[in-house]
Each structure stands twice: as structure tokens, then as C-alpha cells.
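Below is one structure, written out as C-alpha cells; comments come after it.
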Amino acid sequence: MEIKITTKHLLTVLTVIVWIIFVGVCMEAGGFLFNMIYTLAINPQGAEFFWNHLNLLSLYQFGKSHFITEMALINIVALLRAIMFFVIVKFLYDKKLDLSKPFNMEMRRFILIIGYIALGISFFSVWGTNYTDWLVSKGVTMPGIHKLRIAGADVWIFMSVVLFVIAQIFKRGIEIQSENELTV
């Protein structure tokens with residue numbers, strides 16, 4: 001008995017994995033956003049028992065504006081990650097992936113959008129990391145940037161550059177594919 005894994009099966013498995021990741025990053029983004037609003041509007045002690053077991057009470061006591069700024073940067077990164085996976089889910093769900101003609105404008109547009117989102121994540125991750133480092137230099141006790149979920153800006157920028165290169169390759173592939181269609 002031979003088990004044959006086709007591209008269609010692999011795409012189905014990847015779609016399920018992407019959905020799971022999408023739900024996870026949405027929960028994380030919602031958790032950070034809810035805890036920020038709860039801490040600011042209802043109970044300032046909520047900063048001590050923040051999402052993902054973070055203690056941000058020292059930051060809140062240092063200054064409400066600094067708390068809002070740091071949380072805005074964390075929320076932007078979390079929301080951009082959720083948007084990225086939403087775009088992937090939507091692309092796979094709408095069946096815009098045509099394997100018979102992979103070099104098409106929809107695929108190139110998809111790659112560019114993911115590249116721009118990755119670039120945005122890297123920008124806000126760097127900003128959040130630098131801001132966190134500045135707060136630590138001022139004596140604020142902060143969790144590590146990996147616990148704040150803003151680490152890895154270098155990976156995100158690397159990913160965006162790779163995606164921009166792939167988008168250019170797809171652009172050339174589209175040109176070659178249209179030339180071949182014209183000669184037939």
C-alpha cells in the first residue's frame with residue numbers, strides 16, 4: 001500500500017495549520033488589547049496580572065503615558081501578525097492559488113502584501129524593543145522582549161526582503177508566461 005501525498009492534500013493540511021495559528025494570534029492580540037483597556041479603564045492593578053503572566057505594574061507606576069505607548073507598540077505588532085495570517089487564510093480560502101498557472105498577478109500581490117506586513121512588524125518590533133530598552137535604562141522593571149512578543153525584528157525584516165525578492169521573481173515569471181502565451 002502506497003500513500004501518495006499530493007499538493008492538494010498538503011495545501012489542505014497547511015490551511016488547517018494556518019487557521020490554528022490565526023486563531024492563536026487573534027487570541028493573543030485580543031488578550032493584550034483587552035488587558036490594556038481593562039487596566040486603563042477599570043482596575044490599574046490589572047497591570048500586575050497581564051496577559052501571558054506579565055507583570056507590568058512597574059511600567060504603569062512609572063507613567064500612564066509610557067504604559068500606553070509600550071502597550072500600543074505591543075498591540076500593533078500583535079495585530080499586524082493577526083492581519084498577516086488573516087491575509088493568508090483569505091488567500092487560501094478564496095482559492096486564488098492556481099497551480100496550473102502559478103505566475104499570476106494575484107500571487108504576486110499576495111506575496112507583496114505579506115512582505116509589507118512583515119516589514120511593518122519589523123519596524124514596530126524595533127521601535128518597541130528600543131522603547132523597552134530605554135524604559136529599563138530609566139529603572140523600570142520590564143519583562144524580556146520575548147515575553148512582550150516584540151522580539152525578532154531582524155527575522156521579520158529578513159522575511160520581508162526575501163518576500164520582496166520572490167515578488168520580483170514572480171513579476172519576471174508573469175512576463176515570461178505572458179510572452180509564451182502570445183507566441184502560441
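The values are calculated or read from the model by the stated rules, or taken from the named source; none is laboratory data. Here the structure is a predicted model, which means the values were calculated and not measured. Don't worry about glycine lacking a Cβ; one is built from the backbone with ideal geometry, like all the others, and counts go over all protein chains shown.
Things worth noting here:
- Annotation note: Cβ proximity below 6 Å between a residue of region 93-121 that is at negative phi and a residue that is assigned to a helix (DSSP H, G or I) and of a type in the set (Asp, Glu) (sequence gap 6+ or interchain) occurs for LYS96/GLU106.
- Applying a threshold of 8 Å to beta carbon distances and a minimum spacing of six or more residues, or different chains, the list of pairs starting in region 14-41 at a residue that is under 12 Å from LEU79 (Cα atoms) and free of Cβ contacts under 8 Å to residues at least 40 places away in the same chain and ending at one that is surrounded by 13 or more Cβ atoms within 10 Å (Cβ to Cβ) and among the aromatic types (Phe, Trp, Tyr) reads GLY31/TRP51.
- Residues in region 22-76 that are of a type outside the set (Gly, Ala, Ser), under 16 Å from VAL140 (Cβ atoms), assigned to a helix (DSSP H, G or I) and over 20 Å from the mean Cα position of the chain (by Cα): THR39, PRO44, GLU48, LEU57, LEU59, TYR60, GLN61, PHE62, LYS64, HIS66, PHE67, ILE68.
- Residues of region 124-143 that turn out to be surrounded by 18 or more Cβ atoms within 10 Å (Cβ to Cβ) and assigned to a loop (DSSP other than H, G, I, E, B), as a count: 2
- Qualifying positions in region 1-20 - in a helix (DSSP H, G or I), of a type outside the set (Ser, Thr, Tyr) and surrounded by fewer than 16 Cβ atoms within 10 Å (Cβ to Cβ): LYS8, HIS9, LEU10, LEU11, VAL13, LEU14, VAL16, ILE17, TRP19, ILE20
- A count restricted to region 91-118 and to residues that are assigned to a loop (DSSP other than H, G, I, E, B) and either within 23 Å of THR69 (Cα to Cα) or of a type in the set (Ser, Thr, Tyr) (or both) stands at 1.
- Any hit, region 174-183, residues being surrounded by 20 or more Cβ atoms within 10 Å (Cβ to Cβ) and either of a type outside the set (Lys, Arg) or under 28 Å from LEU11 (Cβ atoms) (or both): no
- Within region 140-154, residues that are among the charged types (D, E, K, R) have Cβ atoms under 7 Å from residues that are modelled with pLDDT under 90 in these pairs: LYS147/ASN52; LYS147/LEU54, counting only partners at least 6 apart in sequence or on another chain.
- Any hit, region 57-77, residues being of a type in the set (Lys, Arg) and either surrounded by 20 or more Cβ atoms within 10 Å (Cβ to Cβ) or within 23 Å of PHE164 (Cβ to Cβ) (or both): no
- Candidates ILE121, ILE88 - the one that is part of a helix (DSSP H, G or I), crowded, with 18+ Cβ neighbours inside 10 Å and in contact with a Leu (Cβ under 6 Å, 6 or more places away or on another chain): ILE121
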